[in-house]
1. Kindly check whether there is at least one residue in region 61-78 that is within 29 Å of residue 153 (Cα to Cα) and not charged (D, E, K, R).
2. When region 159-180 is examined, which residues are found to be in contact (Cβ under 8 Å) with a residue 24 or more places away in the chain, crowded, with 18+ Cβ neighbours inside 10 Å and either touching a Gly at 6+ places or on another chain (Cβ under 7 Å) or assigned to a helix (DSSP H, G or I) (or both)?
3. Check region 54-68 and report whether any residue there is outside any helix (DSSP H, G or I) and in contact with a helix residue (DSSP H, G or I) (Cβ under 9 Å, 6 or more places away or on another chain).
4. Those residues that are on the phi < 0 side of the Ramachandran plot and out of contact with any Leu (no Cβ under 7 Å at 6 or more places or on another chain), I need them from region 118-132; list them, please.
5. May I ask you to list the residues in region 69-97 that are in contact with a helix residue (DSSP H, G or I) (Cβ under 9 Å, 6 or more places away or on another chain) and either over 21 Å from residue 55 (Cα atoms) or of a type outside the set (S, T, N, Q) (or both)?
6. Provide a single number: the residues in region 97-146 that are part of a helix (DSSP H, G or I), polar (S, T, N, Q) and closer than 13 Å to residue 185 by Cα.
Amino acid sequence: MSSSTRGTSPDWSPTPDDVAARTGRGPGYPYAVWSLRAVAFLLDSLFAWVAIAAAAGVVLLGVMVGVQDMVRVTDSDGETHTIGHWNWVGTPIVVVGAIMVVLAIGLSIWNSWVRPGRTGYSIGKAAVGIRLVGEVTGQPLGVPMTVVRYVCHVVDGFPCYIGWFWPLWDAKRQTFADKIVHSVVIRRPKNETD
């Protein structure tokens with residue numbers, strides 16, 4: 001089919017190269033396969049959960065130190081009482097752990113919304129060589145649209161998480177959230193310049 005008739009056919013869908021050639025913009029790179037997207041998601045999830053679990057572990061350690069001098073006893077009337085006092089050594093540990101929790105959540109937000117919104121790459125996406133970009137512009141979505149896309153992933157869960165698997169057979173390898181915000185994930189190693 002010639003390029004002049006391809007754009008007019010109702011069932012024709014442009015490739016990233018077609019968009020780039022027609023508009024002078026667009027990704028110009030192949031769409032990312034589902035397996036790479038899944039690995040990037042797992043890496044990003046691992047990054048977030050390890051940071052949050054480490055911080056929560058410090059909070060738990062502080063609480064354990066704080067309550068080590070306390071015991072619960074039941075008196076002859078069947079009432080339970082706590083005897084002893086909070087060990088103040090646990091307080092700074094809990095405070096440090098709480099700060100770590102806030103930092104871990106902040107890092108997770110940075111990796112999920114801010115970094116991909118500005119560069120198209122999360123830590124996981126950069127590791128596997130894929131990038132989140134606008135479907136037409138080929139540029140990062142910006143932080144607000146990346147947040148909207150993140151929220152729209154709720155739609156991917158209905159029904160039976162089918163939206164998460166939609167890239168397996170979709171021509172542009174988009175989830176429902178990608179379709180809503182007009183984004184695509186392309187194969188593009190991080191070391192390539194814009």
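1. So far as region 61-78 goes, no, none of its residues is within 29 Å of residue 153 (Cα to Cα) and not charged (D, E, K, R).
2. 167, 176, 177, 178
3. yes
4. Residues satisfying the conditions are 118, 119, 121, 122, 126, 131.
5. Listed by number, the residues that qualify are 86, 88, 89, 90, 92, 93, 94, 95, 96, 97.
6. So the answer is 2.
Quick grid of which residues meet (1) surrounded by fewer than 12 Cβ atoms within 10 Å (Cβ to Cβ); (2) among the aromatic types (Phe, Trp, Tyr); (3) closer than 25 Å to residue 175 by Cα; (4) modelled with pLDDT of 95 or more:
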{"residue": "67", "(1), (2), (3), (4)": "no, no, no, no"}
{"residue": "72", "(1), (2), (3), (4)": "yes, no, no, no"}
{"residue": "75", "(1), (2), (3), (4)": "yes, no, no, no"}
{"residue": "82", "(1), (2), (3), (4)": "yes, no, no, no"}
{"residue": "85", "(1), (2), (3), (4)": "yes, no, no, no"}
{"residue": "95", "(1), (2), (3), (4)": "no, no, no, yes"}
{"residue": "113", "(1), (2), (3), (4)": "no, yes, yes, yes"}
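The values are calculated or read from the model by the stated rules, or taken from the named source; none is laboratory data. Note that the structure is a prediction, hence the values are computed from the model and not measured. A quick note on method: Cβ atoms are made from the backbone with ideal geometry, for glycine too, and the neighbour counts reach across all protein chains shown.
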